[in-house]
1. Using the basic label-point model (7 angstrom from Cα toward the beta carbon), what is the A34 to S118 distance in nanometres?
2. To the nearest 20 Debye, how big is the dipole of the chain about its Cα centre, given +1 on the beta carbon of each Lys and Arg and -1 on that of each Asp and Glu?
3. Expressed as a whole percentage, what fraction of the accessible surface of region 37-114 belongs to carbon and sulfur atoms when a 1.4 Å probe is rolled over the protein heavy atoms?
4. What fraction of the Cα pairs in region 35-125, stated in percent, has a spacing above 15 angstrom?
5. Hey, what's region 13-128 come to in accessible area per residue, 1.4 Å probe, Å²?
6. If you count, for each residue, the other Cβ atoms within 10 Å and average over each peptide, how do 52-62, 94-104 line up from highest to lowest?
7. On a straight-distance basis, which lysines could pair with K17 in a cross-link, Cα separation under 29 angstrom, same-chain partners fewer than 8 positions away excluded?
8. Which value, in debye to the nearest 20, gives the size of the charge dipole of region 61-106 about its Cα centre, when Lys and Arg are +1 and Asp and Glu are -1 at the Cβ?
Amino acid sequence: LDEPRERVVDPSVDATKIMLASVDADIAAENFSAAAGSIERAIQISPSDSWAWHKLAKLRFAQGQHAEAKAIARRSNSLSGAGGDVQIANLLLIARIERLNGNATAAKQAQAQADRISAEKIELRETK
């Protein structure tokens, strides 16, 4: 008889999720030092966590550091685990930054790419 296999869980993933749980609230409350501390610890634990890098991009955006936010969002998308929701979130952030910078063409390109990925996700979900 086949015995059920235990699910192997990477404890760093759970720790990272816990650390990142309050980041959005900290950013909204402009408690940037608390948000930065949580994000930095999450990145130290799991440097390839694309969501942690996305949260750092959101923090830099909220701090008005738009060029750095865009670079970090691109880095987040380049990580091996990036895809789906995090990639869409990064592209939407990049589109917002480009609009604020007056670069309508780049904003439209980022928005279109986010829309395309979102549509692909919906299509995949419907075919299952």
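1. Going from the A34 label point to the S118 one covers 3.0 nm.
2. In total the dipole reaches around 520 debye.
3. The nonpolar share, carbon plus sulfur, comes to 48 percent.
4. Counting pairs separated by more than 15 Å, the tail of P(r) holds 58 percent.
5. Accessible surface, normalised per residue, equals 57 Å².
6. Result, highest mean Cβ count within 10 Å first: 52-62, 94-104.
7. Cα-Cα hits under 29 Å: K55, K58, K70, K121, K128.
8. Approximately 60 debye in magnitude.
The values are calculated or read from the model by the stated rules, or taken from the named source; none is laboratory data. What you see is a predicted model, and the numbers here were worked out from it, not measured in a lab. Glycine also receives a Cβ, built like all others from the backbone with ideal geometry; neighbour counts cover every protein chain displayed. The accessibility values were calculated without ligands, DNA or RNA, using every heavy atom of the protein model including side chains. Shrake-Rupley method; radii C 1.70, N 1.55, O 1.52, S 1.80 Å.
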